[in-house]
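Below is one structure; the comments refer to it alone.
Bear in mind these aren't lab numbers, they're just calculated from the coordinates by the rules spelled out. Note that the coordinates shown come from a computational prediction; the quantities given were computed from them, not determined experimentally. Cβ: placed from backbone, ideal geometry, glycine included. Neighbour counts: every protein chain shown.
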Amino acid sequence: QVQLVESGGGLVQPGGSLRLSCAASGSTFSINTMGWYRQAPGKERELVARIGRFGDTQYADSVKGRFTISRDNAKNTVYLQMNSLKPEDTAVYYCNAEKLPTLRGYWGQGTQVTVSS
């Protein structure tokens with residue numbers, strides 16, 4: 001079993017920045033891809049960014065150029081640097097990890113990001 005704990009969410013003004021962290025614990029060996037998803041009120045959960053074991057990344061079009069995902073394998077931690085935040089980025093952000101060999105997914109509890117003036 002893998003446990004994921006997000007941190008770093010909060011309230012920020014448009015144009016501001018936040019850095020989210022997600023620390024994995026438990027059976028963290030064989031974790032492959034890690035990622036961030038978000039769910040805004042009344043909307044479905046969507047992929048924000050994901051990063052493979054060796055640093056390959058994928059971003060939603062809406063966040064390209066503004067968000068950067070990274071990971072520290074030694075710390076079993078994935079980060080999401082969010083710059084130039086917009087009100088439409090407001091959502092609960094969830095950390096996700098996929099574990100080999102089955103790519104079973106694990107989820108954190110979510111952290112609220114609110115972008116408002």
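So, R0 is 22 Å and r is the distance between the beta-carbons of T57 and N83; what FRET efficiency does that work out to, to 0.05?
FRET efficiency, T57 to N83: 0.90.
Can you check what the net charge comes to around G52, using other residues whose Cβ is under 15 Å from the Cβ of G52 (Lys, Arg +1; Asp, Glu -1)? Intermediate results must be reported in sequence, preceding the final value.
Numbers: positive: R50, R53, R71, K99; negative: D56, D72, E98.
Around G52, the surrounding residues sum to +1.
Semi-axes of the equivalent ellipsoid of the stretch 1-63: what are they in whole Å, largest first, if each equals the square root of 5 times a C-alpha gyration tensor eigenvalue? Please list the in-between numbers first.
Values: eigenvalues 105, 45, 32 Å².
Taking √(5λ) for each eigenvalue gives 23, 15, 13 Å, largest first.
Taking the Cβ of T33 as the centre, find all other residues whose Cβ is under 13 Å away and add up their charges (Lys, Arg: +1; Asp, Glu: -1).
Residues close to T33 contribute a combined charge of +3.
Residue separation times 0.36 nm, minus the C-alpha to C-alpha distance between Q109 and Q1: what's the value?
Value of the extension gain: 37.4 nm.
Suppose every Lys and Arg Cβ carries +1 and every Asp and Glu Cβ carries -1, with no other charges. What dipole size does the chain come out with about its Cα centre, to the nearest 20 debye?
160
Springs between alpha-carbon atoms under 10 Å, Gaussian network over the chain: tell me which of G16, G105, G26 tops the mean-square fluctuations.
Between G16, G105, G26, it is G26 that shows the largest mean-square fluctuation.
Considering Cα pairs under 8 angstrom that are at least six residues apart, work out the relative contact order of the chain and quote it in whole percent.
Once divided by the residue count of the chain, the mean separation gives 37 percent.
How big, on average over all directions, is the shadow cast by the Cα convex hull of the chain, in nm²?
That works out to 6.7 nm², a quarter of the Cα hull's surface.
Choose one answer from R71, R38, R53: the residue with the largest mean-square fluctuation in a GNM of the chain with alpha-carbon springs under 10 Å.
R53
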